[in-house]
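A.B. asks: Supplied in structure tokens, the structure appears directly below.
Only the coordinates and a few stated rules stand behind these numbers; no lab work does. Model, not experiment: these values are computed from the prediction. Here the Cβ positions follow ideal geometry from the backbone for every residue, glycine too, while neighbour counts run over all protein chains shown.
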Amino acid sequence: MQAERERDLLLQFAGVGIVYVRQRMLLRCNERYAEIFGYPNPQHIEGCSALEIYPSEADYKQLGAEAYPRLAEGGQLQV
């Protein structure tokens, strides 16, 4: 319970955009992240496909093809 409360506070007060993603679905994000991508609040984007934040479906597919093998091996990705 304490870890969840700390996570909620981190999301609420962070000056940067933070998003939790699983299988390319946007599970949770903070106000700053929603603001960066032009959403009125986090609830408008939570539960959506990550495709929502890409300029095109081709970009979405290309990054997935490049990123997922690297991340699956424990590597890092900087875009």
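A.B. asks: Suppose every Lys and Arg Cβ carries +1 and every Asp and Glu Cβ carries -1, with no other charges. What dipole size does the chain come out with about its Cα centre, to the nearest 20 debye?
C.D. replies: 140
A.B. asks: At 7 Å along Cα-to-Cβ for each site, give me the label-to-label distance between Glu73 and Leu27 in nm.
C.D. replies: For the pair Glu73/Leu27, the computed spacing is 2.5 nm.
A.B. asks: Next up: Would you work out if the chain is rounded, prolate or oblate? Take a ≥ b ≥ c from the square roots of the eigenvalues of the alpha-carbon gyration tensor; rounded if a/c is under 1.5, else prolate when a/b is larger than b/c, oblate otherwise.
C.D. replies: oblate
A.B. asks: Starting from the chain, pick out the chymotrypsin sites (Phe, Trp or Tyr not before Pro) whose DSSP state is loop and whose Cβ has at most 15 other Cβ atoms within 10 Å.
C.D. replies: For chymotrypsin sites (Phe, Trp or Tyr not before Pro) across the chain that sit outside H, G, I, E and B with at most 15 neighbouring Cβ atoms in 10 Å, the list reads Phe37.
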